[in-house]
1. Can you give the percent of C-alpha pairs in the stretch 1-144 whose distance is more than 18 Å?
2. Semi-axes, largest first, in whole Å: what does sqrt of 5 times each Cα gyration tensor eigenvalue give for the stretch 93-227?
3. Give me the percent of accessible area attributable to carbon and sulfur for the chain, probe 1.4 angstrom.
4. Kindly provide the helix-only [θ] at 222 nm of the chain, computed as the sum of -39,500 (n - 2.57) over DSSP H runs of four or more divided by all residues, to the nearest 500 deg cm²/dmol?
5. Count charges around VAL101 for me, please; just the other residues with Cβ under 12 Å from its Cβ, Lys/Arg as +1, Asp/Glu as -1.
6. What FRET efficiency do you get for LYS211 and LYS242 if R0 is 35 Å and r is their Cβ-Cβ distance, rounded to the nearest 0.05?
7. What span do the alpha-carbon atoms of the stretch 57-127 cover on each of the three principal axes, reported in whole Å from largest to smallest?
8. Compute the normalised compactness of the stretch 3-258: alpha-carbon radius of gyration over 2.2 N^0.38 Å, N being the residue count.
Amino acid sequence: MCKVIAIVNQKGGVAKTTTTVNLGIGLVNEGKRVLLIDSDSQGSLSSCLGVAEPDELDVTLPTIMSKIMNDEEFDNTWGVLKHEEGISFLPCNIELSGLEVSMVSMMRREFILSEYVEKVRDLYDFILIDCNSSLGMMTMNALTTADSIIIPIQAAYLSVKGLQQLITTISKTKKYLNPDLGIEGILFTMMDSRTNYAREIKQLVENSYGKNVRVFDSVIPFSVRASETSAEGVSIFKHDPKGKVATAYKNLVKEVLNYE
Ligand code: ADP
Ligand code: MG
């Protein structure tokens, strides 16, 4: 059975893309078949996986979505690229922004991505969707498609405020579009656990949401080694296998697997 997880937060720079890459490759290292979907028109996930110029690719998520919108057939591995660490990914590029505009007038516009995922889900154990930093049309498609959601957040006041808005959107999506949608968990990222402030915020989130929503025990520490991976085009397991961020993502993989 394939599980589809969207990595969502409307706030930028909270490590959505970094988490998608490292959770995904961590799952591959545990023998799982994994597809990552880049759903950001900036193509950051694609860059992090070594695509130098996402805008020059011929087949990407927007190409596939427009096929679906036009009722055209395509092969279920079309456009999917393979990374050296064994993960498959569907890249994205700037064409998505134009497509998002034309999606607005479509019938069942929130279900276009889910048509793609339904077509390919038998090929994988996990499909992770890297969302862009908004609650726009593409994120709504991801929320409609996913079985569950991981919310990466940074321990800062503003991101906690945004969390409330996100949880409201998730509840609405559940009510109107995807009744089976669950929250896999809230993940603290780029955490400097030496500061009391970060610890207090984590406590606050646990107190406010911990009863209904899991807060992952794994916390991703801040480390320059992690920020270097995007340019290297590899995961933290390859770039700094013995470092604290690799250990943290390995623990996250275990938590996600045990939750199945
Ligand atoms: P988002 O997808 O939410 O916008 P990114 O994954 O692109 O966030 O991360 C934002 C920036 O933070 C990137 O430059 C990334 O390399 C860096 N980063 C991610 N995780 C860490 C970490 N644990 N420690 C330090 N920097 C990190
Ligand atoms: Mg991103």
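The values are calculated or read from the model by the stated rules, or taken from the named source; none is laboratory data. Keep in mind the model is a prediction, meaning the values are calculated, not measured. Note: ideal-geometry Cβ built from the backbone for every residue, glycine included; neighbour counts use all protein chains shown. With ligands, DNA and RNA removed, areas are computed over all heavy atoms of the protein, side chains included. Shrake-Rupley method; radii C 1.70, N 1.55, O 1.52, S 1.80 Å.
1. Details: 5267 of 10296 pairs.
In whole percent, the share of Cα-Cα pairs in the stretch 1-144 beyond 18 Å is 51.
2. For the stretch 93-227, the semi-axes come out at 30, 17, 15 Å.
3. Looking at the chain in its full context, I get 49 percent from C and S.
4. On the way: 11 runs with 118 residues, N = 260.
Value at 222 nm, helices only, nearest 500: -13500 deg cm²/dmol.
5. Once all neighbours under 12 Å are counted, the net charge is -1.
6. 0.45
7. Ordered largest first, the stretch 57-127 gives principal extents of 39, 25, 19 Å.
8. Taking N as the residue count of the stretch 3-258, the ratio is 0.96.
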